[in-house]
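Here is the structure we will look at, set down as structure tokens.
Please treat every number below as a calculation from the coordinates, not as lab data. From a predicted model like this one, the values you see are computed outputs, not experimental measurements. Cβ placement follows ideal geometry from the backbone for every residue including glycine, while neighbour counts extend to all protein chains displayed.
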Amino acid sequence: MTLEDKLKGSIQHDLLFGTHKFELEDKHLENCKVVSNRINLLDYLPKESVCAELGVLDGKYTKEIISRTNPTELVLVDIDSDIENVIKGDSVEVMNTFEDNYFDWVYIDTDHSYELTKKELEVCSRKVKDDGYIALHDYIWYDYFNSILDDSDIYFGVVKAVNEFILSREDYEVKYLTLESGMYNTIVIRKINGTER
Ligand SMILES: C[S@@+](CC[C@H](N)C(=O)[O-])C[C@H]1O[C@@H](n2cnc3c(N)ncnc32)[C@H](O)[C@@H]1O
């Protein structure tokens with residue numbers, strides 16, 4: 001049995017043998033700015049706006065969102081949180097309770113699986129305004145450090161879900177990409193016909 005046969009149907013197979021099928025094209029990256037990290041990224045996202053963080057954990061990034069962007073409304077969602085002001089529930093289900101075009105931008109940082117990220121992109125593309133942004137943390141294939149910690153291989157599906165989404169839609173492009181020292185990068189996408197802010 002070849003390695004390709006052995007991995008067939010798995011995310012590892014996509015990583016090693018299938019990347020060309022959902023590789024972004026140069027036109028999707030023409031207006032992309034590379035930013036040092038996700039904290040500084042917040043300086044480029046809309047200020048005093050309506051935004052959401054999907055996946056809050058202990059609220060570390062929430063504090064940065066508040067101090068750097070001063071939102072008029074910040075919707076916080078986590079499936080397993082007892083933090084005050086966090087809506088406890090599934091990201092997709094909670095987002096579906098808002099009207100379309102409600103948010104200026106959304107930051108997605110939940111379980112990083114292909115299946116959930118795909119659904120989150122679909123719902124966020126409806127709930128975010130035409131000139132808004134969808135940011136996704138951990139645009140990477142493999143969680144290097146937590147894999148060492150857990151002594152197991154942790155693969156993420158964010159790259160596949162994001163690239164497939166952009167390729168299938170034709171009206172989205174990459175606006176920002178962070179190049180973190182630990183390579184836990186964030187990608188920000190937006191509608192091509194959205195008004196420049
Ligand atoms: C990586 S942590 C978020 C970290 C946080 N954004 C930060 O940067 O500090 C992921 C969080 O997503 C939550 N989560 C996982 N699956 C979820 C889902 N389907 N809906 C909402 N939250 C989810 C987990 O409970 C966890 O707290």
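Taking the Cβ of each residue in Arg190, Arg68, Arg126 as the centre, tally the other Cβ atoms inside 10 Å and list the residues starting with the fewest.
Arg126, Arg68, Arg190
Farthest toward the dipole's positive end in the range 24-191, which of Val159, Tyr176, Ile66, given Cβ charges of +1 (Lys, Arg) and -1 (Asp, Glu) about the Cα centre?
Tyr176
With the chain treated as a Gaussian network of Cα nodes joined by springs under 10 Å, which of Ser147, Ser81, Ser91 yields the largest mean-square fluctuation?
So, out of Ser147, Ser81, Ser91, the one fluctuating most is Ser147.
What is the fewest-to-most order of Lys8, Lys191 by other Cβ atoms lying within 10 Å of their Cβ? Don't jump to the answer; show the numbers that get you there.
Numbers: Lys8 12, Lys191 19.
Final ranking by Cβ density, sparse to dense: Lys8, Lys191.
Students often forget the sequence filter, so: which lysines lie under 30 Å Cα-Cα from Lys129 once same-chain residues fewer than 8 apart are removed?
Candidates past the 8-residue exclusion: Lys21, Lys27, Lys33, Lys47, Lys60, Lys63, Lys88, Lys118, Lys119, Lys160, Lys175, Lys191.
If you rank Met1, Met183, Met95 by fewest surrounding Cβ atoms within 10 Å, what's the result? Before the final figure, lay out the partial values.
Numbers: Met1 6, Met183 13, Met95 26.
Fewest-to-most Cβ neighbours within 10 Å comes out as Met1, Met183, Met95.
Using a cut-off of 10 Å between beta-carbons, work out the net charge of the residues near Arg126 (Lys and Arg +1, Asp and Glu -1, Arg126 not included).
Computed value for this residue: -2.
For the chain, take the convex hull of the Cα atoms, compute a quarter of its surface area, and give me that in nm², please.
One quarter of the hull surface, i.e. the mean projection, equals 11.7 nm².
Hey, what number do you get for the chain at 222 nm if only DSSP H runs of n ≥ 4 count, each worth -39500 (n - 2.57), divided across all residues, to the nearest 500? Could you put the intermediate results ahead of the total?
Numbers: 7 runs with 57 residues, N = 197.
Taken over the chain, the calculation gives -8000 deg cm²/dmol.
Using the beta-carbon distance between Asp90 and Met1 and R0 = 41 Å, what value does 1/(1 + (r/R0)^6) give for FRET efficiency, to the nearest 0.05?
0.60
Using amide H atoms built 1.01 Å from N in the peptide plane, name the residues 5+ places from Tyr133, or on other chains, whose amide H lies under 5 Å from its own.
Here Trp105, Val106 satisfy the definition.
I want the antiparallel fraction of DSSP beta bridges within the range 100-197, as a percent rounded to 5.
Working: 10 of 15 bridges.
Counting only bridges with both partners in the range 100-197, antiparallel ones make up about 65 percent.
In debye, nearest 20: dipole of the chain around its Cα centre with unit charges on the Cβ of K, R (+) and D, E (-)?
Taking the Cα centre of the chain as origin, the dipole is about 480 debye.
Which value, in debye to the nearest 20, describes the size of the charge dipole of the range 111-182 about its Cα centre when Lys and Arg Cβ atoms bear +1, Asp and Glu Cβ atoms bear -1, and nothing else is charged?
340 debye
Where does helix 114-127 land angle-wise versus the long Cα axis of the chain, in degrees 0 to 90, nearest 10?
Result, in degrees: 30.
Calculate, in whole percent, how much of the Cα-Cα pair population of the range 45-129 lies beyond 20 Å.
Taking all Cα-Cα pairs of the range 45-129, the fraction more than 20 Å apart is 27 percent.
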